[in-house]
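The values are calculated or read from the model by the stated rules, or taken from the named source; none is laboratory data. Please read all numbers here as calculations on a predicted model, not as lab measurements. Don't worry about glycine lacking a Cβ; one is built from the backbone with ideal geometry, like all the others, and counts go over all protein chains shown.
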Amino acid sequence: MSVDGSDINAMSLDAAWQKFSAGLALTLSCMPAEAYLVLNAADGRYARFHMGTPVLWCEIVHNAQLAEEWRMPERVETLLQEHGWASPVDGQSVSWHRLVAWPVPFRAYELVADHISVALCHGVRVQAPTELSIDCWIRNSKEDFDISALRVVIEGRLRPEIE
């Protein structure tokens, strides 16, 4: 893949980020109602998700919250906006955000995961998915939800590719 104009889906992601994106899409598709998923990197870089009823709330840190060295290039912010992400709104969100309404085809989860991967990798310059930590919970519940597809990528437990 290579950068082609303003197409966020054409931005180059290495194999680790592609696997991260696939794991994130699967994890998002399996989130139960009232589940939260937070992906954190050092220096306040993050992506957050909340499975509400009937929408999935997605957000990624905005430049106003980051030290200059971690701020997204304008081209990445423009790409997010062109693909349905909204910039911060007073009283609603301090982050880039997007709602995905039900019913959600799996392709919508894949697109959100691709956008998040590009924003983390090319935007706020998280070098590899292994730099992320995961926090997840279900509101008013002691139960967990399945994040194994994402955890294996972040913890670097993927099997090497056979050539």
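Annotations for the structure displayed:
- Top-ranked residue of region 133-147 - restricted to ones that are of a type in the set (D, E, K, R) and either at pLDDT below 95 or part of a loop (DSSP other than H, G, I, E, B) (or both), ranked as surrounded by the fewest Cβ atoms within 10 Å (Cβ to Cβ): Lys142
- Candidate set from region 33-47 (those that are in contact with a His (Cβ under 9 Å, 6 or more places away or on another chain) and not aromatic (Phe, Trp, Tyr)); member that is nearest to Leu66 (Cα to Cα): Leu37
- For region 73-83, the count of residues that are within 16 Å of Leu120 (Cα to Cα), in a loop (DSSP other than H, G, I, E, B), under 16 Å from the mean Cα position of the chain (by Cα) and polar (S, T, N, Q) is zero.
- Of all residues in region 83-98, those satisfying the criterion of being modelled with pLDDT of 90 or more and out of contact with any Leu (no Cβ under 7 Å at 6 or more places or on another chain) are His83, Gly84, Trp85, Ala86, Ser87, Pro88, Val94, Ser95, His97, Arg98.
- Qualifying residue in region 102-109 (condition: assigned to a loop (DSSP other than H, G, I, E, B) and either among the charged types (D, E, K, R) or without any contact (Cβ under 8 Å) to a residue 24 or more places away in the chain (or both)): yes
- Residue count for region 51-72 satisfying the condition of being aromatic (Phe, Trp, Tyr) and assigned to a strand (DSSP E or B): 1.
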